[in-house]
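The values are calculated or read from the model by the stated rules, or taken from the named source; none is laboratory data. The structure displayed is predicted, hence computed values, not measured ones. All Cβ positions, glycine included, derive from the backbone under ideal geometry; neighbour counts span all protein chains shown.
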């Protein structure tokens, strides 16, 4: 028997398996195609948010599927089964709290990702379609937050849904139909829970997976936009591939998000209020923090009365949405440098500051109410 | 015209070899260098700047053959092929193939007419499958959306609970609901009662009895203008939150909704905040022994006029 080192001549079993698969599907080529994506101007920490969002979605899927092992989406069991997950199932409190804080992480990173694309002017030609699909994905993320909020079936859940659906009801023509469609009746109840559940665990994930795939495909078609400064020669000199430098940065970003979400889940685990009922007792209804600014701005005097309410809950948010959708089509100036796009910069600052102000004032208002 | 592979390369003095590879610039998507196979004596890398003219199968260089010998040797390890890297759009700029690559066109496909017809037929078949499903699916999903209204009277407590005039008193009660296939369940609800003094009553009824009608316009009940008890639906007419009877710094004792800060007086009129209409009055009966009964109604929030939904 020849026991001399045979690594070069005789492949190991793993290598044979790899070769077998590679011959049939072109694994090496596929990996090369996936990893050797040129990043003009080089990898940057600023580019980590897209990958982080994918990571958060995967974690939400895993924790969400685990929660469904115990959760029961019925009006008489949803609350009890959620309490069971929190108090009896081993590590249930952690998985549920991770899922809860994961949604916040998602919203924060979506905001960062969108802001960045906006400020870098990366939505401009030829990347208009990536921006459009991205906006739909943003809507899906918010819908995830809204539908998931009802599922624990506590007072907070019930009232956030009650008010949220009333806002949908303000939509012209279709509002009443959509509100009843979501509620499965005139008031929130079992049908609402069933509908929100199936939307949260089936409809939205399917839509998100499909559209995130399309988002990535479109991104690969157009390629990364790169920095808005620098001559082609400078950019080329700094260009590297997606792997390894950018992936390394992405992975660090994911680890940071994982650590933060875990820490929040650990130190601020989910605590349910009383079981849902149309009588809130002493509870002051409020939506999740990332909807607080909408909640607060509807308190403004200018949005009082039927027409004011239409303005506040439909016309303003709708106009903002349409403006964002049309943005790459009316902003045809190829200039990407944000410091030479004063309107874009001012617009972003005004929107961000007002979201912050409304959120903070909603929080201050809490104390005034107690 | 882009340089072609296998083109002969001519210098000012003589032919030096043929184009063996082409190097693209990944940013500009243009050809940046030619790799010239020097008739068996190695490959050299020639910048496009040195090219004087590109013709069919021929590259004319400005340099002499000795200058070409001075260009750097081509180092294969410094490059990857197009297949191994993703540079979006580069392929579309590339016309270096030496000729067409062909596969035979199948015999059966050669004389097929009506290709457009067949393509459209697939859409038609799709519609035949999809269209008949639209209505059943819609009806399937809409089943619970429009529940009939219930005009039954519900006992919610005894009027003894109300001690002071013109003050909101919350009556909490349980209501049985039967949703779809589910067993009958009880949900907790609440209404606010006010024992109103004549000025407040006047504000509410303005000298007229209040009639409640069903969708067909038939009178269900009439609240007499002289009955001093008012029952308000517990749902805020702004966006459907639950309001409370609270002390306000400036306005005194008021109904206040903690959600969007709508404020109402004891007669339900809007004092402040975004609410579009006063609190919703419900049909009320007070029996001689003090039992309070109401018809449990809910109205669509956020509209100036009342639209009953429960």
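Summed over the range B:142-154, residues that are more than 14 Å from chain A (Cβ to nearest Cβ) and surrounded by 10 or more Cβ atoms within 10 Å (Cβ to Cβ) total 2.
When the range B:201-243 is filtered for residues that are in contact with a helix residue (DSSP H, G or I) (Cβ under 7 Å, 6 or more places away or on another chain) and either within 14 Å of chain A (Cβ to nearest Cβ) or more than 19 Å from residue B:171 (Cβ to Cβ) (or both), the ones remaining, listed by number, are B:225, B:239, B:240, B:241. Being away from every other protein chain (no Cβ under 11 Å), part of a helix (DSSP H, G or I), surrounded by 14 or more Cβ atoms within 10 Å (Cβ to Cβ) and out of contact with any strand residue (DSSP E or B) (no Cβ under 8 Å at 6 or more places or on another chain) is a description that does not apply to residue A:269. All of A:144, A:118 fail the test of being buried (at least 20 other Cβ atoms within 10 Å of the Cβ), in contact with a helix residue (DSSP H, G or I) (Cβ under 7 Å, 6 or more places away or on another chain), over 23 Å from residue A:205 (Cβ atoms) and away from chain B (no Cβ under 14 Å), apart from A:118.
Considering only residues that are within 30 Å of residue B:299 (Cβ to Cβ) and within 14 Å of another protein chain (Cβ to nearest Cβ), which ones fall in the range A:197-228? Of everything in the range A:197-228, those that are within 30 Å of residue B:299 (Cβ to Cβ) and within 14 Å of another protein chain (Cβ to nearest Cβ) turn out to be A:198, A:199. Is it fair to say residue A:317 is in contact with a helix residue (DSSP H, G or I) (Cβ under 8 Å, 6 or more places away or on another chain), within 9 Å of chain B (Cβ to nearest Cβ) and within 28 Å of residue A:157 (Cβ to Cβ)? Spelling it out, it is not the case that residue A:317 is in contact with a helix residue (DSSP H, G or I) (Cβ under 8 Å, 6 or more places away or on another chain), within 9 Å of chain B (Cβ to nearest Cβ) and within 28 Å of residue A:157 (Cβ to Cβ). Scanning the range B:166-189 for residues that are under 30 Å from residue B:264 (Cα atoms), more than 10 Å from chain A (Cβ to nearest Cβ) and without any contact (Cβ under 8 Å) to a residue 40 or more places away in the chain yields a single hit, B:176. Here the condition is being touching a strand residue (DSSP E or B) at 6+ places or on another chain (Cβ under 7 Å), without any contact (Cβ under 8 Å) to a residue 60 or more places away in the chain and either surrounded by 18 or more Cβ atoms within 10 Å (Cβ to Cβ) or in a loop (DSSP other than H, G, I, E, B) (or both); of B:278, B:288, B:274, it holds for B:278 alone.
Residues are listed down the side, and each one gets a yes or a no for (1) surrounded by 12 or more Cβ atoms within 10 Å (Cβ to Cβ); (2) touching a residue at least 40 places away in the same chain (Cβ under 8 Å); (3) within 14 Å of chain A (Cβ to nearest Cβ):
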{"position": "B:140", "(1), (2), (3)": "no, no, yes"}
{"position": "B:156", "(1), (2), (3)": "yes, yes, yes"}
{"position": "B:159", "(1), (2), (3)": "yes, yes, no"}
{"position": "B:164", "(1), (2), (3)": "no, no, no"}
{"position": "B:192", "(1), (2), (3)": "yes, yes, yes"}
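Taking the criterion of being surrounded by 16 or more Cβ atoms within 10 Å (Cβ to Cβ), over 30 Å from residue B:150 (Cβ atoms) and at pLDDT 90 or above, would at least one residue in the range A:165-182 satisfy it? Looking through the range A:165-182, none of the residues is surrounded by 16 or more Cβ atoms within 10 Å (Cβ to Cβ), over 30 Å from residue B:150 (Cβ atoms) and at pLDDT 90 or above. Within the range A:30-48, one or more residues are away from chain B (no Cβ under 14 Å), assigned to a helix (DSSP H, G or I) and crowded, with 18+ Cβ neighbours inside 10 Å. In the range A:176-187, the residues that are farther than 20 Å from residue A:310 by Cα and more than 7 Å from every other protein chain (Cβ to nearest Cβ) reach residues that are modelled with pLDDT of 95 or more and crowded, with 21+ Cβ neighbours inside 10 Å with C-beta atoms within less than 6 angstrom, at least six apart or across chains, in these pairs: A:183/A:192. Whenever a residue of the range B:83-111 is more than 14 Å from chain A (Cβ to nearest Cβ) and surrounded by 10 or more Cβ atoms within 10 Å (Cβ to Cβ), its partners that are outside any loop (DSSP other than H, G, I, E, B) and modelled with pLDDT of 80 or more, lying with C-beta atoms within less than 7 angstrom and at least six residues away or across chains, give the pairs B:94/B:24; B:96/B:22. From the list B:194, B:169, B:200, the lone residue that is in a helix (DSSP H, G or I), closer than 25 Å to residue B:289 by Cα and in contact with a strand residue (DSSP E or B) (Cβ under 8 Å, 6 or more places away or on another chain) is B:200. The number of residues in the range A:295-307 that are more than 7 Å from chain B (Cβ to nearest Cβ) and surrounded by 21 or more Cβ atoms within 10 Å (Cβ to Cβ) comes to 3. Of all residues in the range B:255-271, those satisfying the criterion of being touching a strand residue (DSSP E or B) at 6+ places or on another chain (Cβ under 6 Å) and within 19 Å of residue B:229 (Cβ to Cβ) are B:255, B:264, B:265, B:266, B:268. Residues in the range B:42-77 that are touching a residue at least 12 places away in the same chain (Cβ under 8 Å), more than 28 Å from residue A:232 (Cα to Cα) and out of contact with any helix residue (DSSP H, G or I) (no Cβ under 9 Å at 6 or more places or on another chain): B:42, B:55, B:56, B:57, B:58, B:60, B:64, B:65, B:69.
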